[in-house]
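Scroll down for the structure; my scribbles are underneath it.
The values are calculated or read from the model by the stated rules, or taken from the named source; none is laboratory data. None of these values were measured; they are calculated from a predicted model. Methodologically, a virtual Cβ is constructed for each residue, glycine included, from the backbone with ideal geometry; neighbour enumeration extends over all protein chains shown. We work out accessible area using only protein heavy atoms, side chains counted, and drop any ligands, DNA or RNA first. Shrake-Rupley method; radii C 1.70, N 1.55, O 1.52, S 1.80 Å.
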Amino acid sequence: MSEQESQRHWRALELDKILKLLAEQTACDDAAELALHLTPSTSLSEVQRLLGETDEAHTLMARFGSPSFGGLSNVSNSLRRAEAGGTLTMGELLRVAGVLRTLRGIVEWRSKSEGVKSILDWRFESLVPNKYLEDRITSAVLSEEEMADNASPRLSDIRRKIRAASTRAREQLDKMIHSPVYQKYLQDPIVTLRGGRFVVPVKAEHRAEVPGLVHDTSASGATIFVEPMSVVEANNQVKVLLSEEQKEMERILAELSAETGNFAGGIISSYEAAVELNLIFAKANLGYKMKASLPQVNDRGEILLKKARHPLIPADKVVPTDIELGVGFDTLVITGPNTGGKTVTLKTIGLFTLMAECGLLLPVADNSRISVFDRVLADIGDEQSIEQSLSTFSAHMTNIIHVLDQAGSASLVLLDELGAGTDPVEGAALAMAILEALRQKGAKIAATTHYAELKVYALQTTGVENACCEFDVTTLRPTYRLLIGVPGRSNAFAISRRLGMSEEIVDRAKELVSGEDARFEDVVQRLETSRQSLESERAKAEEARLEAARAKREAQKIRDEIQAKAEREMEEARRRAAELVARTRSQIDVMLNEMEELKKQQNKALSSEQKAKLKADLRALEDAADPVHAKEQGTYVLPRPLKVGDTVLIFDIDKKATVLKLPEGNSNTVLVQAGIIQTRVPLSNLRLVQEKPKQQPRRTITRNVTGRAQAKVTTELDLRGQNTEEALMNVDRFIDSALLTGVNMLTIIHGKGTGTLRAAVQQHLKRHPSVASYRLGTFGEGESGVTIVELK
C-alpha cells in the first residue's frame, strides 16, 4: 500500500488532528515538524519502545516537573558556515548561545534525579552542553545590534576614546549654541548628528556667519546643518575611531565564529537529540492533558479498551465506553439508530491503534490492551465525519474493493454503514459476503450497519459478535455506551410515538412488518429488558460491595486507632512508672547515705539488722509508688483529725501536700498546697504522712538531693519555716544535686512574709559560682513567694 493511500486511511480516522495537538505541545519548529510527520510503526518491539519512552517521560514529569525546551532553534546552517570558516552575525551567535543554554538546562534538570535510572538516560547522555562557549558569546554579544565593551580590551579602549572625543566635540558645540554671538544665527539651540558628525542647525540666510562644513539641509531649505570648523578635528577623530571600532567588532565576530565552528558537530548532534527528547516529552504532556495511560501492546489482534474516551470530543461531553475486538471474536457488527455513536466507536478503535503505533498514550483505564497491525484500513465517510466527505454507494464500493485487495491476517478493517445506499436486500447480502471474504483473509473487522439481516448473521456465525450503541427511548437521546453481545434496535416505532405520531399510523406500521422481523424485534426487546434489569441489579450489588468495603475500611481504621491509642497509653504508663520507681529509688539511696553519714558523725553505726529493716520498709514504699499496679482506695481511716500544717499525700496522684484550710460546713474538701499549686482535694483522697524522727534529715533535703536517675525530684526546694543559716545550707545542697542530675532550671520556695529569707537567698545566689541568673516568679509560678534559678 502506498504512502498516499495510508495517509487517506489515517485522515479518515483523524490521526492528523491528533498530531496537530501533539505539535502544539512542542517547543521548537523542528520538533513540531517531527510531530506532524509521525508515521505509525508496524513493529511490536518498536511500538513497545516508543510507548515505554513516552511513559517514562510521563513518570519523570510527574516526579520532577517538565524540562524546559524553550530556546531550541535550528542553527545547523550557521554552525556549518562557521565550521567552513565563515563569520556569523551577532544574532546568529546569540541563537547558538540560546541553544547551548537550553541544552545545559535540560542536563541540569536531569541531574536533579540522578538517583533514578531511566530508559531515556542514553538520550540525555547524548546532550553535551558547552558552558565555556555559551559564556564566551553571551559576555561579548549583548543583542543582535550591540556588542559589549568588554568583548576585548582593544574594543573597550576604542569606545573610551570615542566617548572622550565626542564629549570634546559636544562641549565645543554647546558653547557655541549658548553663545550670544551665535544664537541669533541658529534655527534651534541644539546639537544633532548628520552622517555620524556633530552639527548645528543654522538659518540659511546666516550661512556665512558660521564658518564650517555643510552636511545637510532641511526639506524647506530654511535650515542648513553646519559642522563648525572648531569641531572638525574632533569629528574626524570620532570617525576614525568608529572605523577602528567596526574593524575590532568584525575581528571579535570572526574569532567567536571560529571557536563556534570548532564545536559545530557536537552542538548539532546535541540539538538533534534535544529535539527528539522534546517530541517524547510532548507526547507525555499530551497524555497528561488527555488523562491517558499506558496500554498493554500485543500483535495478536486483541483489542480491549476500558473506559475509552475519544480525544477529539470535549472532555465534558465525551462518554467513556468499553470496546472489545479480537479476544473472543474477530468481527464486531455494530447496529443501532443514527447519531448513536456507532461511527465514533469505529474511529476510536482505529485512532487508538494508530496513536499507540505512534508512541502516544491512550485515554483509557488501566489494563487496557491494544494490538499492532500491519495495515489499518477504513471506509468511513458520512455526514458525521468531521471532514464532511459524503460518499455514494459507488464510492463506498470502490473503497471497499481497495480494502479487500490490501487486507491480510494482520489488518484491522473498519467499515461504516456497510452495504448502505442501495436496495436493502441486496445491500445486506453484499455486506455479509464482504464480511465473509475479509474473515477468510484473517482480518479483524468492525462494521456498522442498519440491516437486521446482519444482526441475524452475527447471532448465527461463530466469531462474529453483535453490538449496539445504547439508546434511551424515554429521553430520545443516545447514551453513547457500546453494548457488546446485544443487537441494536432502530426504535423507530417508539421514537415516532414519543414524538406524537398518531397511534393508528404506528400500529399500522407494526402490522406491515413481517412476522419473522416482528418476532426478531420482540426477542431483541426481551433481551434488552433483561440486560437492563441485570445491569441494574449488578449496579446495586456493586454499590453494596463498595459500601461494605468502605465500612470494613472504616472499622479497620477505628480498630487501628484504638490499638495505637492503647499502645500509647501503655507506653505512657510504663514511662510514668519508670519515673516514679527511679525517683523513689533515688530517695532511698540518698536517705541511707545521709543516715549512714549522720551515724558516723555521732560514732554510732547502724547495725546490719537495722539497715536491712530500713531497706525493706523503703522497698515497700518503692513498690507502692509503681503506678503500673492499680492502687486501691481500701478502707483507710485517718489516725487523727487533720489540722492546718499537716503533711498529707494526695493518694491518686502520689503527690505530697500541706494542709492549708480544713473543711467548712457540709463541705468534704480540704484546701492543700502541692508545690506552688493550691487545690481542693476530697478528704477520702488524703493520707496523713507521719513525721520523721528529729535525727533524720529534713524532708526538704531528702526530697531534693538526688542522683542522676531522675531530674524531676530536683527542680523544687521549699525553705518555708527554716532560718537563714539552715536555708542557705539546703540551697547549696539543692544546687549541687541539680548539677549532678543535669537540671538547669530550679524553683526555690521561700514565701512572701517579711522578705528577709528571700533577700538572704537571692544575695547568696548572686555570689554562687554555679548560678547563671535568677528572678522572682511570675503569675502562676508563685510570684514573689518563689525565686526561679538558672544554672550555668
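Do the conditions hold for ARG159, that is, is it of a type outside the set (A, V, I, L, M, F, W, C), open to solvent by 50 Å² or more (accessible area, probe 1.4 Å) and closer than 30 Å to VAL231 by Cα? Break it down stepwise before answering.
Numbers: of a type outside the set (A, V, I, L, M, F, W, C): yes; open to solvent by 50 Å² or more (accessible area, probe 1.4 Å): no; closer than 30 Å to VAL231 by Cα: yes.
Criteria not met by ARG159.
Looking only at the range 417-447, count every residue that is surrounded by 21 or more Cβ atoms within 10 Å (Cβ to Cβ), at pLDDT 90 or above and assigned to a loop (DSSP other than H, G, I, E, B) and tell me the total. So the answer is 1.
Got a number for residues in the range 230-269 being of a type in the set (A, V, I, L, M) and open to solvent by 20 Å² or more (accessible area, probe 1.4 Å)?
Going residue by residue through the range 230-269, those that are of a type in the set (A, V, I, L, M) are 231-232, 234, 238, 240-242, 249, 252-254, 256, 258, 264, 267-268.
This time we only want the ones that are open to solvent by 20 Å² or more (accessible area, probe 1.4 Å), so: 232, 240, 242, 249, 253-254, 258.
Qualifying residue count for the region: 7.
Of everything in the range 204-229 that's of a type in the set (A, V, I, L, M) and in a helix (DSSP H, G or I), which residue is surrounded by the most Cβ atoms within 10 Å (Cβ to Cβ)? Of everything passing the filter in the range 204-229, ALA204 is surrounded by the most Cβ atoms within 10 Å (Cβ to Cβ).
Residue-wise test of (1) surrounded by 14 or more Cβ atoms within 10 Å (Cβ to Cβ); (2) closer than 26 Å to MET61 by Cβ; (3) in contact with a Leu (Cβ under 8 Å, 6 or more places away or on another chain).
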position: GLU5; (1), (2), (3): no, no, no
position: ARG11; (1), (2), (3): yes, no, no
position: LYS17; (1), (2), (3): yes, yes, yes
position: ASP29; (1), (2), (3): no, yes, no
position: LEU36; (1), (2), (3): no, yes, yes
position: VAL47; (1), (2), (3): yes, yes, no
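Taking first residues from the range 222-245 that are free of Cβ contacts under 8 Å to residues at least 24 places away in the same chain and partners that are of a type in the set (Asp, Glu) and in a helix (DSSP H, G or I), no Cβ contact under 8 Å between residues at least 6 apart in sequence or on separate chains turns up. ALA544 meets each of the listed conditions (1) over 50 Å from the mean Cα position of the chain (by Cα); (2) modelled with pLDDT of 70 or more; (3) closer than 30 Å to PRO320 by Cα apart from (1).
Whether any residue in the range 615-625 is within 30 Å of LEU683 (Cβ to Cβ), touching a Leu at 6+ places or on another chain (Cβ under 7 Å) and at pLDDT below 70 is what I want to check.
First, the residues of the range 615-625 that are within 30 Å of LEU683 (Cβ to Cβ): 617-625.
Still in the list and also touching a Leu at 6+ places or on another chain (Cβ under 7 Å): 625.
Filter once more, so that each one left must be at pLDDT below 70: 625.
Within the range 615-625 (the criterion being within 30 Å of LEU683 (Cβ to Cβ), touching a Leu at 6+ places or on another chain (Cβ under 7 Å) and at pLDDT below 70), the answer is yes, since at least one residue qualifies.
Return the total of residues in the range 741-762 being farther than 19 Å from GLY721 by Cα and out of contact with any strand residue (DSSP E or B) (no Cβ under 8 Å at 6 or more places or on another chain).
Residues of the range 741-762 that are farther than 19 Å from GLY721 by Cα, as a first pass: 741-746.
Filter once more, so that each one left must be out of contact with any strand residue (DSSP E or B) (no Cβ under 8 Å at 6 or more places or on another chain): 741-742.
Count: 2.
Can you spot a residue in the range 465-477 that is open to solvent by 30 Å² or more (accessible area, probe 1.4 Å), modelled with pLDDT of 80 or more and either at negative phi or among the charged types (D, E, K, R) (or both)? Yes, the range 465-477 contains a residue that is open to solvent by 30 Å² or more (accessible area, probe 1.4 Å), modelled with pLDDT of 80 or more and either at negative phi or among the charged types (D, E, K, R) (or both).
Please verify whether LEU332 is open to solvent by less than 60 Å² (accessible area, probe 1.4 Å), assigned to a strand (DSSP E or B) and at pLDDT below 95, treating the condition exactly as stated.
Details: open to solvent by less than 60 Å² (accessible area, probe 1.4 Å): yes; assigned to a strand (DSSP E or B): yes; at pLDDT below 95: yes.
It is true that LEU332 is open to solvent by less than 60 Å² (accessible area, probe 1.4 Å), assigned to a strand (DSSP E or B) and at pLDDT below 95.
Considered as a group, the residues in the range 561-581 that are at pLDDT 80 or above and open to solvent by less than 70 Å² (accessible area, probe 1.4 Å) include one that is farthest from LEU454 (Cα to Cα), and that residue is ALA573. Please tell me if GLY91 is under 28 Å from the mean Cα position of the chain (by Cα) and either over 21 Å from LYS347 (Cβ atoms) or among the small types (Gly, Ala, Ser) (or both). No; evaluated as a whole, the condition is false for this residue. Restricting ARG123, ARG95, ARG110, ARG104 to residues that are within 26 Å of PRO295 (Cβ to Cβ) and of a type in the set (D, E, K, R) narrows the list to ARG123. Of the residues making up the range 715-737, those that are open to solvent by 10 Å² or more (accessible area, probe 1.4 Å), of a type in the set (A, V, I, L, M) and in a loop (DSSP other than H, G, I, E, B) number 0. What are the residues in the range 122-156 that are part of a helix (DSSP H, G or I), touching a helix residue (DSSP H, G or I) at 6+ places or on another chain (Cβ under 8 Å) and either open to solvent by 50 Å² or more (accessible area, probe 1.4 Å) or free of Cβ contacts under 8 Å to residues at least 40 places away in the same chain (or both), if any? Selection gives LYS131, GLU134, ARG136, THR138, SER139, ASP149, ASN150, ARG154, SER156. For the range 59-75, indicate whether the set of residues that are exposed (fewer than 14 other Cβ atoms within 10 Å of the Cβ), part of a loop (DSSP other than H, G, I, E, B) and touching a residue at least 60 places away in the same chain (Cβ under 8 Å) is non-empty. Checked against the condition, which is being exposed (fewer than 14 other Cβ atoms within 10 Å of the Cβ), part of a loop (DSSP other than H, G, I, E, B) and touching a residue at least 60 places away in the same chain (Cβ under 8 Å), the range 59-75 yields no hits at all. Among the residues of the range 342-358, some residue qualifies, meaning at least one is open to solvent by 10 Å² or more (accessible area, probe 1.4 Å), part of a helix (DSSP H, G or I) and aliphatic (A, V, I, L, M).
Mind checking which pairs have a first residue in the range 33-49 that is touching a residue at least 40 places away in the same chain (Cβ under 8 Å) and assigned to a helix (DSSP H, G or I) and a second that is among the β-branched types (Val, Ile, Thr) and open to solvent by less than 70 Å² (accessible area, probe 1.4 Å), Cβ under 7 Å, 6 or more apart or different chains? Pairs that qualify, where the first residue is touching a residue at least 40 places away in the same chain (Cβ under 8 Å) and assigned to a helix (DSSP H, G or I) and the partner is among the β-branched types (Val, Ile, Thr) and open to solvent by less than 70 Å² (accessible area, probe 1.4 Å), are LEU34/VAL275; ALA35/THR26; LEU44/VAL297; LEU44/VAL372; VAL47/VAL297; VAL47/VAL372; GLN48/VAL297.
Within the range 295-320, residues that are over 24 Å from PHE373 (Cβ atoms) sit with their Cβ atoms under 7 Å from residues that are surrounded by 15 or more Cβ atoms within 10 Å (Cβ to Cβ) and hydroxyl-bearing (Ser, Thr, Tyr), at 6+ positions apart or across chains, in these pairs: VAL319/THR479; VAL319/TYR480. Number of residues in the range 769-792 that are modelled with pLDDT of 85 or more, open to solvent by 20 Å² or more (accessible area, probe 1.4 Å), of a type outside the set (Ser, Thr, Tyr) and touching a Leu at 6+ places or on another chain (Cβ under 9 Å) equals 2.
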